[in-house]
Amino acid sequence: MAELDCLEGKLRLPVIGAPLFIISNPKLVIAQCKAGIVGSFPALNARPQSQLDEWLDEITSELDSWNRANPDQPAAPFAVNQIVHRSNDRLEADLATCEKYKVPLVITSLGAREELNQAVHGWGGRTMHDVINIRFARKALEKGADGLIPVCAGAGGHAGTLSPFALVAEIREFFDGPIALSGSIATGGGVLAAQALGADYAYIGSAFIATDEARASDDYKAGIVESRAEDIVYSNLFTGVHGNYLRRSIENAGLDPENLPESDPSAMNFGSGGNTDAKAWKDIWGSGQGIGAVRKVQSAGAYVDQLAAEYDRAKHGLCG
């Protein structure tokens, strides 16, 4: 494995909990880390910007306390997601706050900047960058990213269309560093399969929406539990970038999932989904195709326990 040095030997499972816009919060991140996987959240979830300092103080303080009390079962590191797109006018301030707390892992999306990678490296952190194709992968590495997150077909939110079998194999032709695979992974068997494909970590997001700690409505959580892969709709209407969403939320907004218009990409709006009256991600719910494996709402810790049991069974050639 090509592990990130900031994660090496510190994970119960090779899993990174994906940052979920609006949904991820300190409570969820702390629960994920205590359970032994990387917990993460988008910096933009902390609003106003000053709240980011409060969140990082809460996360670091709680994990430090946990580690002192549980030296034989320390928490996994955490990560913060930064949207690098030009529409994010908070990036500089958010990065400075991350530097204050020496955030161990920064996940970058929608743009690659050399100066951002250099800044994170300056405080001893590492970076991984979301990519949906080879062109973006090469660009991210040229800009100094330490690892890549191939966001493949079926992933929740802003997903690509390429098969993980194709994209990971092509990336491995020129990159032997850390890869976290994203796209419909919701079981321990899926985690092992990601490793078999050549990834080092599984990147899991949608399944964590249906956890007690997630900042999602009860209806949203129920939608994750009750829906299946065929209930996911791929559209760029809501933010200007193509993404995967729950069909029932689109129908609840009075729209026809089978006849959604194309959006002008120049109308990108990641905070409110300004291309319609329905707001992404508040009204239009992001979700990946892997939710068919999610059968109930449970705590994040219980879900990680489930993943661990399934992973162990899969490694020993049993179903699950």
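The values are calculated or read from the model by the stated rules, or taken from the named source; none is laboratory data. Keep in mind that this is a model prediction, so the values were computed, not measured. Neighbour counts are summed over all protein chains in view; Cβ atoms, including those assigned to glycine, are modelled from backbone coordinates with ideal geometry. Each accessible area value is taken on the protein alone, full model and side chains, heavy atoms only, with ligands, DNA and RNA left out. Shrake-Rupley method; radii C 1.70, N 1.55, O 1.52, S 1.80 Å.
Within the stretch 187-208, identify whether any single residue is among the small types (G, A, S), in contact with a Gly (Cβ under 8 Å, 6 or more places away or on another chain) and either in a loop (DSSP other than H, G, I, E, B) or open to solvent by 30 Å² or more (accessible area, probe 1.4 Å) (or both), and answer yes or no. Spell out the reasoning first.
Taking the stretch 187-208 first, the residues among the small types (G, A, S) are 188-190, 193-194, 196, 198-199, 202, 205-207.
Checking the rest, the ones that are also in contact with a Gly (Cβ under 8 Å, 6 or more places away or on another chain) come to 188-190, 202, 205-207.
Filter once more, keeping what is either in a loop (DSSP other than H, G, I, E, B) or open to solvent by 30 Å² or more (accessible area, probe 1.4 Å) (or both): 205.
Yes, the stretch 187-208 contains a residue that is among the small types (G, A, S), in contact with a Gly (Cβ under 8 Å, 6 or more places away or on another chain) and either in a loop (DSSP other than H, G, I, E, B) or open to solvent by 30 Å² or more (accessible area, probe 1.4 Å) (or both).
Scan the stretch 32-57 for residues that are more than 22 Å from L91 (Cβ to Cβ) and open to solvent by less than 20 Å² (accessible area, probe 1.4 Å) and jot them down.
Listed by number, the residues that qualify are Q32, C33, A35, G36, I37.
Please verify whether the stretch 34-54 includes one or more residues that are in contact with a helix residue (DSSP H, G or I) (Cβ under 8 Å, 6 or more places away or on another chain), of a type in the set (G, A, S) and more than 22 Å from F21 (Cβ to Cβ).
There is at least one residue in the stretch 34-54 that is in contact with a helix residue (DSSP H, G or I) (Cβ under 8 Å, 6 or more places away or on another chain), of a type in the set (G, A, S) and more than 22 Å from F21 (Cβ to Cβ).
Any idea which of (1) within 29 Å of W285 (Cβ to Cβ); (2) assigned to a loop (DSSP other than H, G, I, E, B); (3) open to solvent by 20 Å² or more (accessible area, probe 1.4 Å); (4) touching a Gly at 6+ places or on another chain (Cβ under 9 Å) is the one Q73 doesn't satisfy?
(1)
Report yes if V168 is touching a strand residue (DSSP E or B) at 6+ places or on another chain (Cβ under 8 Å) and buried (at least 17 other Cβ atoms within 10 Å of the Cβ), otherwise no.
Working: touching a strand residue (DSSP E or B) at 6+ places or on another chain (Cβ under 8 Å): yes; buried (at least 17 other Cβ atoms within 10 Å of the Cβ): yes.
For V168, the condition - touching a strand residue (DSSP E or B) at 6+ places or on another chain (Cβ under 8 Å) and buried (at least 17 other Cβ atoms within 10 Å of the Cβ) - is met.
Pull out all pairs, ordered by first then second residue, where Cβ-Cβ is under 7 Å, the residues are six or more apart or on different chains, the first lies in the stretch 291-305 and is modelled with pLDDT of 95 or more, and the second is part of a strand (DSSP E or B).
V297/T211; Q298/T211; S299/T211; A300/T211; Y303/T211
Can you find even one residue in the stretch 50-66 that is outside any helix (DSSP H, G or I), free of Cβ contacts under 8 Å to residues at least 40 places away in the same chain and farther than 22 Å from G288 by Cα?
Checked the stretch 50-66: at least one residue is outside any helix (DSSP H, G or I), free of Cβ contacts under 8 Å to residues at least 40 places away in the same chain and farther than 22 Å from G288 by Cα.
Go through (1) in contact with a helix residue (DSSP H, G or I) (Cβ under 7 Å, 6 or more places away or on another chain); (2) of a type in the set (S, T, Y); (3) farther than 24 Å from L307 by Cβ and name the single condition S87 misses.
Only one criterion in (1) in contact with a helix residue (DSSP H, G or I) (Cβ under 7 Å, 6 or more places away or on another chain); (2) of a type in the set (S, T, Y); (3) farther than 24 Å from L307 by Cβ is unmet by S87, namely (1).
Mind listing just one residue for me: the one in the stretch 9-43 that is part of a loop (DSSP other than H, G, I, E, B) and of a type in the set (A, V, I, L, M, F, W, C) and, of those, farthest from D200 (Cα to Cα)?
I22
Do we have L4 as touching a Phe, Trp or Tyr at 6+ places or on another chain (Cβ under 8 Å), more than 14 Å from D94 (Cβ to Cβ) and either assigned to a loop (DSSP other than H, G, I, E, B) or of a type in the set (D, E) (or both) here?
no
Quick check on the stretch 131-138. Is at least one of its residues among the small types (G, A, S), part of a loop (DSSP other than H, G, I, E, B) and modelled with pLDDT of 95 or more? Steps first, please.
The first filter runs over the stretch 131-138 and keeps only residues among the small types (G, A, S), leaving 137.
In the following step, the residues that additionally are part of a loop (DSSP other than H, G, I, E, B) were identified as none.
Looking through the stretch 131-138, none of the residues is among the small types (G, A, S), part of a loop (DSSP other than H, G, I, E, B) and modelled with pLDDT of 95 or more.
List the pairs whose first member sits in the stretch 239-263 and is within 15 Å of G157 (Cα to Cα), whose second member is open to solvent by 60 Å² or more (accessible area, probe 1.4 Å) and assigned to a strand (DSSP E or B), and whose Cβ atoms are under 7 Å apart, counting only residues at least 6 apart or on separate chains?
Short answer, once both residue conditions are applied: H242/Y234; N244/Y234.
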